[in-house]
Amino acid sequence: MTRILTDTPSLISYSAVGGRSEGEGPLGDYFDSINDDEYFGKDTYEQAESELQKEAVNIALEKAALKEKDIDIIIGGDLLNQCVATSFAHRDRAVSMLGIYSACSTFTEGLILSGIMTSEGYAKRAMNVTSSHYYSAERQYRMPIEYGGQRAPTTQRTVTASGAVICESSDKAPYLRGFTLGKIIDMGVDDAANMGAAMAPAAYDTINSFLKESGKGLDDFDNIITGDLGSIGSDILYKLFDMDGIDIRSKHLDCGKLIYDTERQDVHSGGSGCGCAASVCCGYILPKIQSGELQNVIIAATGALMSPTVSFQGESIPSISHLVWISHQRG
């Protein structure tokens, strides 16, 4: 389902917070804050992830010269069971809350909901925030890192990062022009160590749907940005578009490939996690749209909708991709 927003809301403030490995990557200087302590001053990695979200929200508020009371709703999510990182991060805030989950595509899902609520007048300002943490995700989805298990070449490193965006109806670029809500796509991939292969068909389906339903073409956009397909998933995406006679290589960027130096850092196929697309877009992409260096981009974050329980039962990995169109022009 694709919709173009009539009252185009603005992304008036955004922030990106990361951990040590993210600071050592090629985008390290684009983060608002980097913390070398993986615990972020807390006792557990789960508490650290909540602290990530708190810091991202506080920086976005500070950059916009706003207070908590100026936000009508926080829309947030993470990878942990029952979205506990998000719930515990904002339990002391006197702000309405929507917890959401679309795995690593939660960031764009939150942007879509924020855009709808502000465009339709249900909220004056909506805060969208997502996060992930390498160590909390490893503990939940695989094994504690101390176990020392071998990682397959197809695996991706969960990004320790958070991104926050404040959305309101305003005359300030960047603008949220439209969106496509993705469909669940399951091509039978059952290797939890190869999420790029599972998610690439969902990205292909959503991008295709947006182009067909919006009447737009590749030439209308500076970049097509995927969330965290990594190198393997990106190659599969290219092959899927090649079958249609379309070459997207010159337009495509993937947040999972941008955030780390895959030659220098031991991340195998790249980065992943709810904080991957969020931090790369908030730290690196949105400022370029605000300045006009980029005029129009589509961001199609991707999520593998799996859990350890169903993976152990031999289930395949259903995936989804939600897309937003972000522009320097209000339209």
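The values are calculated or read from the model by the stated rules, or taken from the named source; none is laboratory data. Computed from a predicted model, the values in this text were never measured in an experiment. Note: ideal-geometry Cβ built from the backbone for every residue, glycine included; neighbour counts use all protein chains shown.
For the reader, a short list of remarks on this structure follows.
- Close pairs (6 angstrom Cβ cut-off, 6 or more residues apart or separate chains): β-branched (Val, Ile, Thr) in the range 32-59, not in a loop (DSSP other than H, G, I, E, B) anywhere: Ile34/Gly18; Ile34/Gly23; Val57/Val129; Val57/Ala164; Ile59/Ser15
- Note on the range 95-126: residues that are out of contact with any Asp or Glu (no Cβ under 7 Å at 6 or more places or on another chain) and either outside any loop (DSSP other than H, G, I, E, B) or surrounded by fewer than 24 Cβ atoms within 10 Å (Cβ to Cβ) (or both) total 19.
- Selected residue [in contact with an Asp or Glu (Cβ under 6 Å, 6 or more places away or on another chain), at pLDDT 95 or above, under 28 Å from Asn128 (Cα atoms) and not hydrophobic (A, V, I, L, M, F, W, C)] from His328, His322, His252: His322
- Flag if Val129 is of a type in the set (A, V, I, L, M, F, W, C), surrounded by fewer than 21 Cβ atoms within 10 Å (Cβ to Cβ) and touching a helix residue (DSSP H, G or I) at 6+ places or on another chain (Cβ under 7 Å): no
- Number of residues in the range 168-225 that are under 24 Å from Ser319 (Cα atoms), at pLDDT 95 or above and in a loop (DSSP other than H, G, I, E, B): the value is 4.
- Every residue from the range 1-21 that is surrounded by fewer than 19 Cβ atoms within 10 Å (Cβ to Cβ) and among the hydroxyl-bearing types (Ser, Thr, Tyr): Thr2, Thr6
- Only listed residue being at pLDDT below 95, basic (Lys, Arg), in contact with a Gly (Cβ under 6 Å, 6 or more places away or on another chain) and closer than 30 Å to Asp37 by Cβ, chosen from Arg157, Arg151, Arg142: Arg157
- When restricted to residues that are at pLDDT 95 or above and over 19 Å from the mean Cα position of the chain (by Cα), the range 295-319 contains 1.
- Contact map, the range 259-272: first residue within 16 Å of Glu138 (Cβ to Cβ), second residue surrounded by 17 or more Cβ atoms within 10 Å (Cβ to Cβ) and aromatic (Phe, Trp, Tyr), Cβ cut-off under 6 Å, separation 6 or more or different chains; pairs are Val267/Tyr260; Gly271/Tyr260.
- Taken together, the residues in the range 288-310 that are closer than 17 Å to Gly188 by Cα and hydrophobic (A, V, I, L, M, F, W, C) amount to 4.
- Single residue of Phe241, Phe210 found to be touching a Phe, Trp or Tyr at 6+ places or on another chain (Cβ under 8 Å), outside the structural domain of Leu80 (by TED's automatic domain parsing), aromatic (Phe, Trp, Tyr) and over 30 Å from Ser13 (Cα atoms): Phe241
- Residue match in the range 201-210 (condition: among the small types (Gly, Ala, Ser) and buried (at least 20 other Cβ atoms within 10 Å of the Cβ)): yes
- Residue check: Ile75 meets all listed conditions (1) under 20 Å from Leu305 (Cα atoms); (2) modelled with pLDDT of 95 or more; (3) surrounded by fewer than 20 Cβ atoms within 10 Å (Cβ to Cβ) but one, namely (3).
Yes/no per residue for (1) free of Cβ contacts under 8 Å to residues at least 24 places away in the same chain; (2) surrounded by fewer than 21 Cβ atoms within 10 Å (Cβ to Cβ):
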| residue | (1), (2) |
| --- | --- |
| Ser250 | yes, yes |
| Cys255 | no, no |
| Gly275 | no, no |
| Pro287 | no, yes |
| Gln290 | no, yes |
| Ala300 | no, no |
| Thr309 | yes, yes |
| Glu315 | no, yes |
| Ile326 | no, no |
